[in-house]
Every structure is written in C-alpha cells, then in structure tokens.
Amino acid sequence: MTETANPENELNLLTDIAVKPNNTDDSDIINERIETLKEKTPDLKELHTDGGYESEDNNQKFEKLKITHIQTAVRGRKNKVEMKIEEIEGEYKVSCPLQKVKSEKTRSRYKACFDKKICAGCSLTGDCPALIQKRYRAYYFTREQYLANKRKRNINTLPHKRRKLRPNVEATIKEFVKPFNHKGKLCIRGQFKTMMYACSMGISINFGRIHRYLAVNPNLCGLLGLMKAGNSLFFKNLLQIGQKLRNIFRFGFFMVKIHQLPNFEIKY
Ligand code: SF4
C-alpha cells in the first residue's frame, strides 16, 4: 500500500494498493508497481519504505525514474566498516573512516586503492572489506553496488523531520486490519476477494479523509478539486479491478464454449 506523505500536504491520500500472496518478497512487489506509481503520481520524487524493498533491479528502476528511495532500515547484517561511494562529475570517490580516494575503472568493475601506510595504523584493519594487495589495499565495486551504497545513505541527506514519514503508513495499515476476525485474519479467502476488500477499504479511507478535510475547509473550489482527485483515483482502482475481471470472464466464456461443442469428449 502506498500513500502520499508530504509534510506540507493538508490531506494525504492512498495512491496504490497491491495484493499478493504472503510469500511474495516485498522487493518483487515494489518492482512490479513502481512504474504504475510513477504514472499515477508523476511528481513522485521520494519513496520511503522499510528495509524489505531493496534489490539491484529496483535500484536501477528508481534511478531510471528519478525517484530517491529512502530506506528507514537495512536488511541483513551491517558491515563493521562502511565504505562510502560517491559519484562526482562522472567519477567515483570512495571513503573509509580514514581515507578518501578516487577510483579507477577495471575491465568489469571499479577499484579504489587505499594507502597501505595509513592502513598500517588503522584499528579497523581486521574488519575492512578492502583487499590487501602488494602495493595498496584495494576495494572493488560495481555500479549496482554504488547505487545500493547511495540508497542506504539517502535517509541521512534528509532533514530530521522528514526521516520519520514512513510510520504514518503503519497507522493506515491499522485501519485495514480493523475488520479482521478474532484470529487476526480476514473473513474472506482468495486473492481476488482480498483485492476487492483492500481496494474498497482504500477507497473508503480516502473518502473518509476527504470528508474530514472538507469538514474543516468548507470551500467549494477546494471541494471540486478534491472530488476530481477522488474520482480519478476511484476510476483508476476500478480499471485495475476490471482488468482482473476480464481475464476471469474470458476463461468462463472459454469453458462455456468448450461444453457447447457437439459430441464433446476428452480422448487419451
Ligand atoms: S584498513 Fe585502510 S582502507 Fe580499511 S578502514 Fe582502515 S584505513 Fe581504511
């Protein structure tokens, strides 16, 4: 589920809902939805997620669509020595806690060479990811590793008040789980029914927010603008549901046609 979270907005709305089996990786879900999200909200510049949405392919898509991925947590174990890779005027500069060096291109990767004399006095030498070589200590990386490195640091580039935007969506999730049964599960089964439930819930949450906004801002011009935005979102969701239904109906018609064939039988 995705919603707008600009601190300057008086009203934030849900903009996207996807329903997938619960064994689907979060990074695969965002990978499928990111183009649609950009299409629905062309002004999208930042996407805040927790640590589960990272992947190499996602990094490339975010870069292509000019979206900054802000990650509030990191998946997996944290390195004891963090290398910082920066791209400055087409060149990569790599910094460790004690040194900053320019990288050079190798056949398939980039290589940053750190001064061994400085490394000799470094207390982090045992945990350092740079490899000990004859003349220097070398750190190898690819463009994909640079993108992943940048993504991890993106959150530090934001002002403090904008680093905690993601928890808002947790409050929205609570609205979705309110009607769950005493076992904390939905009362319906199947992906299609769940999708219908989630989209209807999303629409009703949006209309609830619009209604509360209008209650404190009873301005007709604002109302018209908001109704337009609400309608457009509603019809986009309806279109998504229609596209899913079309495949089900096609399959239904196909089955009916087969059973109408004269002397229909299956031969082995
Ligand atoms: S060992 Fe060398 S490259 Fe590694 S962190 Fe220390 S100074 Fe930097």
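As a calculated quantity, the FRET efficiency between residue 75 and residue 246 at R0 = 35 Å, using C-beta atoms, amounts to about 0.45. Below 8 Å between Cα atoms, with a sequence gap of 6+, how large is the relative contact order for segment 84-146 in percent? RCO, segment 84-146: 26 percent. Relative contact order of segment 119-198: 11 percent, from C-alpha pairs under 8 Å at least 6 residues apart in sequence. Potential lengthening of the chain between residue 131 and residue 50 amounts to 26.0 nm, from the contour at 0.36 nm per residue minus the alpha-carbon distance.
A simple charge model with +1 on the Cβ of Lys and Arg, -1 on the Cβ of Asp and Glu and nothing else charged puts the dipole of the chain at about 660 debye relative to its Cα centre.
As a calculated quantity, the FRET efficiency between residue 11 and residue 140 at R0 = 51 Å, using C-beta atoms, amounts to about 0.60. Put in line by how crowded their Cβ is, counting other Cβ atoms within 10 Å and starting with the fewest, 43, 115 read 43, 115.
Each residue, residue 122 and residue 216, gets one label point 7 Å from its Cα in the Cβ direction; the gap between the two is 5.2 nm. For segment 63-78 versus segment 17-56, the spacing of their alpha-carbon centroids is 11 Å. Each DSSP beta bridge with both residues in segment 1-101 is either parallel or antiparallel, and the antiparallel ones are about 70%. Sorted ascending by nearby beta carbons within 10 Å, beginning with the fewest, 65, 239 become 239, 65. Scalar couplings 3J(HN,Hα) for segment 205-216, obtained by applying the Karplus form with A = 6.51, B = -1.76, C = 1.60 to θ = phi - 60°, are 5, 4, 5, x, 5, 4, 4, 5, 5, 5, 4, 9 Hz; x denotes Gly and Pro.
Scanning residues 5 or more positions from residue 68 or on other chains, those with amide H under 5 Å from its amide H are 46, 47, with H placed 1.01 Å from N in the peptide plane. Estimated purely from DSSP H runs of n ≥ 4, each contributing -39500 (n - 2.57), the mean residue ellipticity at 222 nm for the chain is -15000 deg cm²/dmol once divided by its residues. As a calculated quantity, the FRET efficiency between residue 178 and residue 28 at R0 = 30 Å, using C-beta atoms, amounts to about 0.65. For the chain, averaging the sequence separation of C-alpha pairs within contact (under 8 Å, six or more residues apart) and dividing by the residue count gives a relative contact order of 17 percent.
Excluding the site residues themselves, the longest part of the chain lacking any GluC sites (Glu not before Pro) in a DSSP loop with at most 11 other Cβ atoms within 10 Å is 90-264. The angle between the Cα long axis of helix 26-40 and the longest principal axis of the Cα atoms of the chain comes to about 70 degrees, rounded to the nearest 10.
Values in this text are rule-based calculations from the coordinates and carry no lab data. Predicted, not measured: the structure shown is a model, and the values here were computed from it. All Cβ positions, glycine included, derive from the backbone under ideal geometry; neighbour counts span all protein chains shown.
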